[in-house]
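Visitor: Below you will find the structure I want to go over with you.
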Amino acid sequence: MTQAYEHGYGCGSRRQEDEPQRHESEEPEALGRVLVVDDDEVIRQLIAVNLTLEGFEVDTAVDGQDCLERVGEVAPDVITLDVMMPRLDGWVTAVRLRDDPLTQHVKVVLITARAQEEDLRRGEEIGVDAYLTKPFDPAELIRIVRELAGAESA
């Protein structure tokens with residue numbers, strides 16, 4: 001928003017030099033790239049839509065195996081990772097991400113319905129960066145992902 005609109009000036013009062021110069025083909029730079037991993041399509045899309053609206057570039061994966069197959073091409077800054085998934089669960093996926101020199105730097109947010117102290121400890125031992133329990137507040141997820149991606153708070 002330009003200063004003219006912030007101060008309530010009417011339409012047409014904005015001068016061309018007030019506008020930042022941008023070519024039509026240019027898109028605003030994303031806040032970061034996130035890989036959303038969840039076997040539940042509704043939750044996966046809920047997370048993806050919220051992060052996209054916030055300004056992140058988002059890719060999705062349906063389970064841990066899909067995540068590991070896609071992580072190299074997606075090159076995410078942050079991965080949101082459900083724990084309870086078929087084929088390869090979030091625990092094993094997080095361990096493999098941390099063990100691989102190509103992905104050990106990627107920030108990992110575990111998202112799960114399991115909130116026992118034992119699970120929190122296990123996440124710490126693996127080296128995950130954040131732990132969010134379902135049901136979660138989308139605003140809290142966005143705050144965590146922004147922080148981990150190094151994006152400035154809105």
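The values are calculated or read from the model by the stated rules, or taken from the named source; none is laboratory data. None of the values given here were measured: they were computed from a predicted structure. Counting neighbours? That spans all protein chains shown, and the Cβs are built from the backbone with ideal geometry, glycine included.
Visitor: Quick check on this structure: which one of Val95, Val71, Val108, Val128 is in a strand (DSSP E or B), aliphatic (A, V, I, L, M) and either closer than 24 Å to Leu31 by Cβ or free of Cβ contacts under 8 Å to residues at least 40 places away in the same chain (or both)?
Guide: Testing whether each residue is in a strand (DSSP E or B), aliphatic (A, V, I, L, M) and either closer than 24 Å to Leu31 by Cβ or free of Cβ contacts under 8 Å to residues at least 40 places away in the same chain (or both) leaves just Val108.
Visitor: Identify all residues within segment 45-79 that are at positive phi and aliphatic (A, V, I, L, M); write none if there are none.
Guide: Result: Ala75, single match.
Visitor: Further question on the same structure: Looking only at segment 131-154, which residues are free of Cβ contacts under 8 Å to residues at least 24 places away in the same chain, of a type in the set (Val, Ile, Thr) and buried (at least 19 other Cβ atoms within 10 Å of the Cβ)?
Guide: none
Visitor: Tell me whether segment 36-46 contains one or more residues that are more than 18 Å from Asp137 (Cα to Cα), at pLDDT below 95 and not in a strand (DSSP E or B).
Guide: no
Visitor: Can you find, within segment 20-35, the residue that is nearest to Leu88 (Cα to Cα) among those that are modelled with pLDDT of 90 or more and in contact with a strand residue (DSSP E or B) (Cβ under 6 Å, 6 or more places away or on another chain)?
Guide: Leu35
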